[in-house]
Every structure is written in C-alpha cells, then in structure tokens.
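Heads up, the thing below is written out as structure tokens.
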Amino acid sequence: MFAMASGPWRRKKDWPRQFMLVSFGLAHRLDSPRVAMASEPYPCRWTHHVLVEQKEQINAELLSWIDEAYRLSAEK
C-alpha cells in the first residue's frame, strides 16, 4: 500500500470536524504546512497524513506526493 484515504475515525482536538485523511509513504519527511502528522516507522520510510476538508485541496501538490509514494512502493 502506498496511499490511502479514510474518514475522521480518530480526530485530534485541533483538527476540523469533517475531513478526509490522506496518508502516504515517502523516503523522506515532507516539510509542508499541509502535513498534519508525520512519522518514521522504518528508517527512510516516512508516513505522512494530510487533512482534506475541501475538494480543491486534492490538487497537483497532493497528487504529486501520492505519485511519488507510488513510485517508491514500486521500487521496493
């Protein structure tokens, strides 16, 4: 699995009430204000979580990260 989308089954206090959580794995940590959380469960394998509240947030930037995650998973 290189990416997934899920509903707000677990919400932090400061997160919006309604959102979709998009998660994906990269070989590096993203430095972006759009990343709500990031963790490194394995060396050089970062899992990122992005909150999407509006359809306009599914844009070229987010899709490029998902594409990068797909390419990384194909290499492994």
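Using θ = phi - 60° and the Karplus relation 6.51 cos²θ - 1.76 cosθ + 1.60, list the HN-Hα couplings for segment 42-57 in order, rounded to whole Hz, with x at every Gly or Pro.
Once θ is set to phi - 60°, the couplings for segment 42-57 become 9, x, 6, 9, 9, 9, 10, 10, 10, 7, 10, 9, 9, 4, 5, 6 Hz.
Let's test the formula: R0 of 35 Å, r as the Cβ-Cβ distance of Glu53 and His28. What FRET efficiency results, to the nearest 0.05?
After rounding to 0.05, the efficiency reads 0.85.
So what's the projected area for the chain, the Cα convex hull averaged over all directions, in nm²?
5.2 nm²
At a Förster radius of 35 Å, what calculated FRET efficiency corresponds to the Cβ-Cβ distance of Gln18 and Glu75, to the nearest 0.05?
0.50
Assign unit charges at the C-beta atoms only (+1 for Lys and Arg, -1 for Asp and Glu), then state the dipole size of the chain relative to its Cα centre in Debye, rounded to the nearest 20. Mind dumping the intermediate values first?
Values: 11 positive and 9 negative charges, 80 e Å.
Value, rounded to 20: 380 debye.
Loop only by DSSP, 11 or fewer other Cβ within 10 Å of the Cβ. Give me the chymotrypsin sites (Phe, Trp or Tyr not before Pro) in the chain that pass, ordered by residue number. The partial results should precede the final answer.
Numbers: sites: Phe2, Trp9, Phe19, Phe24, Trp46, Trp65, Tyr70; in loops: Phe2, Trp9, Phe19.
The qualifying sites are Trp9.
Through the Karplus equation 6.51 cos²θ - 1.76 cosθ + 1.60, θ set to phi - 60°, convert the phi angles of segment 28-38 into ³J(HN,Hα) values in whole Hz; use x for Gly and Pro.
For segment 28-38, the Karplus-derived couplings read 9, 8, 6, 9, 9, x, 6, 7, 6, 8, 8 Hz, x marking Gly and Pro.
In nm, to one decimal, how far is the modelled label at Glu61 from the one at Ala5, with both set 7 Å along Cα→Cβ?
Taking the simple label geometry, Glu61 and Ala5 are separated by 1.8 nm.
Suppose all protein chains stay in the model; what accessible area per residue would a 1.4 Å probe give for the chain, in Å²?
So the chain comes to 72 Å² accessible per residue, rounded to a whole number.
Quick one: pull the percent of accessible area on segment 37-76 belonging to carbon and sulfur, 1.4 Å probe, ligands and nucleic acids left out.
Exposed carbon and sulfur together represent 53 percent of the surface.
Between the helical axis of 60-75 and the dominant principal axis of the chain, each derived from Cα atoms, what acute angle in degrees is found, rounded to the nearest 10?
The angle comes out at about 40 degrees.
The values are calculated or read from the model by the stated rules, or taken from the named source; none is laboratory data. Just so you know, these numbers come straight off a predicted model, no measurement behind them. Virtual Cβ from ideal backbone geometry, glycine too; neighbours counted across all protein chains shown. Just the protein is used for accessible areas: all its heavy atoms, side chains included, with ligands, DNA and RNA removed. Shrake-Rupley method; radii C 1.70, N 1.55, O 1.52, S 1.80 Å.
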